[in-house]
Amino acid sequence: MSETHPIFQQFLNPGEKLLWSGKPRQGFLLHRSDVFFIPFSIVWAVIAVWLEYGTLASLLPLENKLWSIFSVFVAAYILVLRFLVDAAYRYFSYYAFTDQRILIHTGLFKTSLISLPLADQKEIHLDSLKNGSGNIIFGPLDPKGWMYTGGGWPRMGQNPSPAFEMLKEPQIIYKRIEQQRKRLPKAA
């Protein structure tokens with residue numbers, strides 16, 4: 001269940017103990033938001049290719065042709081490339097919790113580390129799917145958060161709560177986090 005990732009050793013405080021570390025599920029995955037985005041991306045791709053064919057065959061100026069080429073690139077992204085971006089993002093994501101903190105390390109285009117004091121966490125949500133996988137969300141839930149999670153979509157200014165996303169056994173990890181949180185003195 002738990003893998004040890006040496007990436008977190010450099011971030012531990014003196015005396016801090018790593019209790020669990022892991023990664024999100026790997027490979028090609030569909031997300032809840034794909035119920036909407038897959039049909040949308042197919043329609044967009046068909047329209048973009050049809051318009052591109054007409055634009056390139058016409059005598060329109062170059063700037064009009066560039067815009068249609070851009071729309072084909074967007075269609076390719078939403079139809080195929082976003083799944084590759086999502087898989088790469090999850091490949092470079094690592095999760096951990098210690099006896100003191102929650103740690104989320106990501107690094108697709110830039111490396112970032114989110115460190116959340118475990119004692120300060122007022123809201124921790126377990127979001128389980130029927131297949132047993134799921135997410136652990138640290139902070140308030142966004143009612144439209146399903147639209148922005150996973151799938152290779154840019155966050156578009158949204159700042160969803162930090163989360164351990166696409167875990168194989170989130171219930172077990174959630175219970176361990178809650179047990180450790182109860183052992184800590186309450187934050188002031």
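The values are calculated or read from the model by the stated rules, or taken from the named source; none is laboratory data. Here the structure is a predicted model, which is why all the values come from computation and not from measurement. Note that each Cβ is placed from the backbone with ideal geometry, even for glycine, and that neighbours are counted across all protein chains shown.
So, in the stretch 61-82, of the ones that are over 16 Å from Val46 (Cα atoms) and in contact with a helix residue (DSSP H, G or I) (Cβ under 7 Å, 6 or more places away or on another chain), which residue ends up modelled with the lowest pLDDT? Top of the filtered list is Asn64. Determine whether the stretch 88-97 contains at least one residue that is surrounded by fewer than 17 Cβ atoms within 10 Å (Cβ to Cβ) and either outside any loop (DSSP other than H, G, I, E, B) or aliphatic (A, V, I, L, M) (or both). Yes - at least one qualifying residue is present in the stretch 88-97.
Taking the stated definitions as given, is Leu81 outside the structural domain of Asp99 (by TED's automatic domain parsing) and closer than 30 Å to Gly107 by Cα? Yes. In the stretch 44-60, the residues that are at pLDDT below 80 form no Cβ pair under 6 Å with any partner that is surrounded by fewer than 15 Cβ atoms within 10 Å (Cβ to Cβ) and not in a helix (DSSP H, G or I), whether six or more places apart or across chains. Kindly indicate whether Ala76 is touching a residue at least 24 places away in the same chain (Cβ under 8 Å) and more than 30 Å from Ala96 (Cα to Cα). So Ala76 fits the description; yes.
One line per residue, one yes/no per condition, for (1) modelled with pLDDT of 85 or more; (2) surrounded by 15 or more Cβ atoms within 10 Å (Cβ to Cβ):
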site: Gln100; (1), (2): yes, yes
site: Thr111; (1), (2): yes, no
site: Ala119; (1), (2): yes, yes
site: Lys122; (1), (2): yes, no
site: Leu126; (1), (2): yes, yes
site: Pro160; (1), (2): no, yes
site: Leu167; (1), (2): yes, yes
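Could you say whether any residue in the stretch 38-53 is outside the structural domain of Gln171 (by TED's automatic domain parsing), β-branched (Val, Ile, Thr) and under 24 Å from Asn135 (Cβ atoms)? Among the residues of the stretch 38-53, at least one is outside the structural domain of Gln171 (by TED's automatic domain parsing), β-branched (Val, Ile, Thr) and under 24 Å from Asn135 (Cβ atoms), which makes the answer yes.
The set of residues in the stretch 98-116 that are in a loop (DSSP other than H, G, I, E, B) and of a type in the set (A, V, I, L, M, F, W, C) comprises Leu108, Phe109. Which of the residues that make up the stretch 43-81 are in a loop (DSSP other than H, G, I, E, B) and among the polar types (S, T, N, Q)? Within the stretch 43-81, Ser58 is the sole residue that qualifies.
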